[in-house]
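See structure below.
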Amino acid sequence: MADPFADIPIFQVSPFPSSFLAAVDISFPSVDRPFGIYLWPIFRYLVFAIIGYDIETFEYKYNSDVPFSSVPSVVEAIAAYYIIIFGGRWLLTKVRPIRMTWLFRLHNLILTLLSGILLLLLVEQVLPVIIRNGVFYSICSPNSWTQKTELIYYLNYLTKYYELLDTVFMVFRKRPLTFLHTYHHGATAVLCFSQLNGRTPVSYVPISLNLAVHVVMYFYYFLSSCGYRPWWKTWVTRFQIIQFIIDLGFVYFASYTTLIVSCNFNMPNMGACAGRGFAAVYGCLILSSYLVLFISFYIKSYVVPAAARKSKAKALEKQRRESMSGSESTAAATTGASHGTTATKTKKTRRA
């Protein structure tokens, strides 16, 4: 039987564009050009113009000279994060909140733009694969892991370290540090590290959804820091919960069908998926914990207060109605007594 995952070049370096105009390739939207303009050559040219590095020569390898590519470097970074935020909170106990409004706005705007750029680049690479080969191929074939997607995954991984500044701003602004926030930020960096080393093609699903959510979330934070409170605040958390549900659907499926094949179980499956076992296990555990924690946060932050407000409103309405009913009864009694007094006086007058 022919291999359903036909071999294709993975690390193929294309000719470098001679100028910015040469990098701009505009056409009608198609399978290979979902946006009508090919974004990758433009991104490649701009990166080279800014830092002098050709991104198509990038290759991620464990424990290499690539930043944060080894376990010790990741452990050191995450440990430093927790020491800084909890130590900083203790040191700033008696200090008034430091707002840093403009830096906070810039931080959120940068993350909004970074997330949007990486999302567009990833969709441009993945969508043609899905259309031409199907969803299963895109999440399970080793050929879905290309040099371009690997670079995008790595850049997304680096943003997780930059996002740790979220908590630093919270420390300076004297905001409470919740378990969900501190756990989520540290664990996500490790999650991305595990998937890079596990080379799991299904990674594009949680990464693309996470980037989309972050565009919405950090743009909301940016608007809030500018004094505008969008009505869709609750939808930020809802989008995150929806994201984790979809993530787990894909990740559990890929893990299940691979496990069935690996263990030779006589159960329905679609074949093994590329990637390493440790990455699948860690991904399932972390994403499952995120779903539980975010649902708990949503219930505590929005459902319970809404129910309390509704209950309070009902109690006030009941009290208002009882008050009105009591007033009407009093008025009726007063009117009756008044009529009775008048009638008595009339009878006395007639007798006289």
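Throughout, read-outs are computed from the coordinates displayed, never taken from laboratory work. No experiment lies behind these values; they were computed from the predicted model shown. Don't worry about glycine lacking a Cβ; one is built from the backbone with ideal geometry, like all the others, and counts go over all protein chains shown.
For region 63-107, the tally of residues that are in contact with a Ser or Thr (Cβ under 6 Å, 6 or more places away or on another chain) and not in a helix (DSSP H, G or I) stands at 1.
Restricting Ser144, Ser69 to residues that are in contact with a Pro (Cβ under 6 Å, 6 or more places away or on another chain) and either crowded, with 16+ Cβ neighbours inside 10 Å or not polar (S, T, N, Q) (or both) narrows the list to Ser144. Within region 225-244, how many residues are farther than 16 Å from Ile295 by Cβ and touching a helix residue (DSSP H, G or I) at 6+ places or on another chain (Cβ under 8 Å)? Summing the residues that are farther than 16 Å from Ile295 by Cβ and touching a helix residue (DSSP H, G or I) at 6+ places or on another chain (Cβ under 8 Å) in region 225-244 gives 6.
Conditions tested, residue by residue: (1) within 24 Å of Leu211 (Cα to Cα); (2) touching a Pro at 6+ places or on another chain (Cβ under 6 Å); (3) surrounded by 13 or more Cβ atoms within 10 Å (Cβ to Cβ).
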{"residue": "Phe43", "(1), (2), (3)": "yes, no, yes"}
{"residue": "Tyr60", "(1), (2), (3)": "yes, no, yes"}
{"residue": "Tyr81", "(1), (2), (3)": "yes, no, yes"}
{"residue": "Arg89", "(1), (2), (3)": "no, no, yes"}
{"residue": "Thr93", "(1), (2), (3)": "no, no, no"}
{"residue": "Leu121", "(1), (2), (3)": "yes, no, yes"}
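Of the residues making up region 167-183, those that are touching a helix residue (DSSP H, G or I) at 6+ places or on another chain (Cβ under 7 Å), surrounded by fewer than 19 Cβ atoms within 10 Å (Cβ to Cβ), in contact (Cβ under 8 Å) with a residue 40 or more places away in the chain and not polar (S, T, N, Q) number 4. Scanning region 189-212 for residues that are β-branched (Val, Ile, Thr), assigned to a helix (DSSP H, G or I) and either buried (at least 20 other Cβ atoms within 10 Å of the Cβ) or touching an Asp or Glu at 6+ places or on another chain (Cβ under 7 Å) (or both) yields a count of 3.
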